[in-house]
Amino acid sequence: MPATPNHRAAPRRLPGPGAAPVSRRAVLSLAAAAGLLAACETPDPGLALPDLDFSDWEPIRLDVARVDVFDEYRMPFLAPNIEHLSPVAPGGAAERWAADVLKPAGAARTAVFVVARGAMVEEELPAKTGLAGLLTIDHTRRYTAELDARLDILDGSRRLATARAFASASQTAPEDLSPNGRSNLWYGLVERVVEVFDAEMRARATAHLGAYLA
């Protein structure tokens, strides 16, 4: 317990001349344990996750000559946001979705897909205390991925129609999750939020872009 204003912390005592020497084996054991702890905190650089690919998903064919894709979201690189740590960020996944799914099938006009938000945030959850906390493995983190994007149909600078979709997906994580396990969780969470977004954008496109669906 740290010293209070009324009590002075006990001085640290160094071993005296008669103290038993620390064995080389003990030193090596401590070093090995420290190395193991460090390994547990650092993701395996050899961990390879496949690139997200939506080319086999049903295309959304648009009566336009081309499709432009933009990501306007700027990562804050500050807690609680963690999308910059994920193997693939939601915004990047949305861009890939647009490139794979939105297909121009017309002779005029332009479709513009804009990512307004592609975030992933971390939330701490309360952990059990006392004996229950010692005997159980709590889920102490919740991760939430969010996508907000719109699809505009333009004739030159004139907007003819627009569809906007928002999607969110969450996943809790156990307190003993390894760094590699966490990377896999984030990757799967981004996959799920894109699936939710895909269904939502298709519904919005049907409702608001019907005249421009090929």
Just read off the accessible area of residue 122 with the full protein assembly in place, 1.4 Å probe, to the nearest 10 Å².
-> 70 Å²
Work out how much length residue 196 to residue 55 would gain on full extension: take 0.36 nm times their residue separation and subtract the Cα-Cα distance, in nm to one decimal.
-> 49.1 nm
Given a Förster radius of 35 Å and the C-beta distance between residue 180 and residue 72 as r, what FRET efficiency does 1/(1 + (r/R0)^6) yield to the nearest 0.05?
-> 0.65
Stretched fully, the stretch from residue 84 through residue 171 gains (0.36 nm per residue minus C-alpha distance, one decimal, in nm) 29.6 nm
Which value in nm describes the separation of the simple spin-label points at residue 155 and residue 125, placed 7 Å from the Cα toward the beta carbon?
-> 5.2 nm
For the residue 144, residue 116 Cβ pair and Förster radius 22 Å, calculated FRET efficiency rounded to 0.05 is 0.85
Unit charges at the beta carbon, dipole of the range 136-195: most positive-side option, 140, 174, 187 = 187
Return the sequence-ordered ³J(HN,Hα) values of the range 76-82 in whole Hz as given by the Karplus equation 6.51 cos²θ - 1.76 cosθ + 1.60 applied to θ = phi - 60°, using x for Gly and Pro.
-> x, 6, 9, 4, x, 6, 9
By accessible area of protein heavy atoms, probe 1.4 Å, what ranking do 139, 84 get, highest first?
-> 139, 84
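The values are calculated or read from the model by the stated rules, or taken from the named source; none is laboratory data. This is a predicted model, so every value here is computed, not measured. Reconstructed Cβ throughout: ideal geometry from the backbone, glycine too, with neighbour counts over all protein chains shown. Quick note on the areas: whole protein, heavy atoms, side chains included, nothing else; ligands and nucleic acids left out. Shrake-Rupley method; radii C 1.70, N 1.55, O 1.52, S 1.80 Å.
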